[in-house]
Amino acid sequence: MDVRKFFYLWFFLIFSSGIALADVVYEDLDGIYIQAIDEYPSLKKNEFTMGLDYFPFEPYHHGVGVSAGYTRYLNKRWGWEIINGNFVFMIDKGLINELAEDFGEEPVTIEQTEFVASTNLKYVLNYGKNIFFDKYIRLTRSELVFGLGTIGTNLNNYVALTLGIQFDFVISESFSWKIEFMDYITFQRDRGTFLDYGAFKALLAWRY
């Protein structure tokens with residue numbers, strides 16, 4: 001199964017199950033209804049991120065890059081990633097040499113991603129707490145990310161729809177680690193087809 005199809009199926013199941021379980025009422029052994037109330041700390045509203053990216057779905061190259069972004073959180077549920085930029089460097093997979101050996105000629109031009117820029121809305125799906133090493137309690141949250149962007153290649157620039165999910169692991173009042181999967185969906189007018197540029201990201205976030 002394609003990695004992106006598996007991701008979308010997994011996300012749908014998690015999201016739909018979360019909605020289904022939201023109305024469950026718990027009771028103790030005596031039949032008395034109980035309710036748990038928990039307060040989550042209000043994270044800082046301004047956030048800068050820097051990180052490393054990996055684009056594994058390029059046909060002829062591995063894409064690796066660096067990214068940076070700025071997000072303004074409007075409240076505990078919504079945020080606006082005003083700008084996110086990625087500079088991408090391509091590493092040859094060796095397929096070009098194989099084509100040259102098998103068919104006796106190299107492709108004239110290979111399209112390569114050079115940069116990606118986007119602006120996105122973030123919707124916080126859930127908050128949670130985890131205990132690491134039986135000692136450290138850490139706040140976590142997951143966010144749905146969607147918006148618009150542009151992809152620049154050595155041949156053309158494309159408008160892209162962005163859709164992804166981000167997992168946030170808070171390590172202090174001002175810092176957290178983030179893991180993100182983002183899909184950039186473009187329409188290639190000259191080919192009449194849709195193409196996906198999927199990326200995995202590991203990010204360090206600083207808030208103030």
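The values are calculated or read from the model by the stated rules, or taken from the named source; none is laboratory data. Worth saying up front: this structure is predicted, and the values here are computed from it rather than measured. When we count neighbours, we look across all protein chains shown, and the Cβ atoms used for this are built from the backbone with ideal geometry, even at glycine.
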Hey, G94 hits all of (1) within 18 Å of Y54 (Cβ to Cβ); (2) surrounded by 13 or more Cβ atoms within 10 Å (Cβ to Cβ); (3) at pLDDT below 90; (4) not hydroxyl-bearing (S, T, Y) but one; which does it fall short on? (2)
Which pairs have Cβ atoms under 7 Å, sit 6 or more apart or on different chains, and link a residue in segment 148-177 that is surrounded by fewer than 15 Cβ atoms within 10 Å (Cβ to Cβ) to one that is part of a loop (DSSP other than H, G, I, E, B)? N154/E111; N154/Q112; L155/T109; L155/E111; S174/K44; S174/Y208
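Could we say that T150 is hydroxyl-bearing (S, T, Y), at pLDDT 85 or above and closer than 15 Å to G69 by Cβ here?
On the way: hydroxyl-bearing (S, T, Y): yes; at pLDDT 85 or above: yes; closer than 15 Å to G69 by Cβ: yes.
Spelling it out, T150 is indeed hydroxyl-bearing (S, T, Y), at pLDDT 85 or above and closer than 15 Å to G69 by Cβ.
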Output for segment 133-147, where each listed residue is of a type in the set (V, I, T) and surrounded by 18 or more Cβ atoms within 10 Å (Cβ to Cβ): V145
Among (1) exposed (fewer than 12 other Cβ atoms within 10 Å of the Cβ); (2) under 29 Å from F87 (Cβ atoms), N130 falls short only on (2)
Out of the residues in segment 133-147 that are touching a residue at least 12 places away in the same chain (Cβ under 8 Å) and of a type in the set (V, I, T), state the one that is nearest to N86 (Cα to Cα). V145
For residues in segment 53-77 being within 16 Å of the chain's Cα centre (by Cα) and among the aromatic types (F, W, Y), which is farthest from A202 (Cα to Cα)? F57
Find all pairs meeting these conditions: Cβ atoms under 6 angstrom apart; at least six residues apart or on different chains; first residue within segment 50-65 and over 16 Å from G152 (Cα atoms); second residue surrounded by 16 or more Cβ atoms within 10 Å (Cβ to Cβ) and modelled with pLDDT under 85. Y60/I110
In segment 29-51, which residues are surrounded by 11 or more Cβ atoms within 10 Å (Cβ to Cβ), at pLDDT below 95 and among the aliphatic types (A, V, I, L, M)? L43
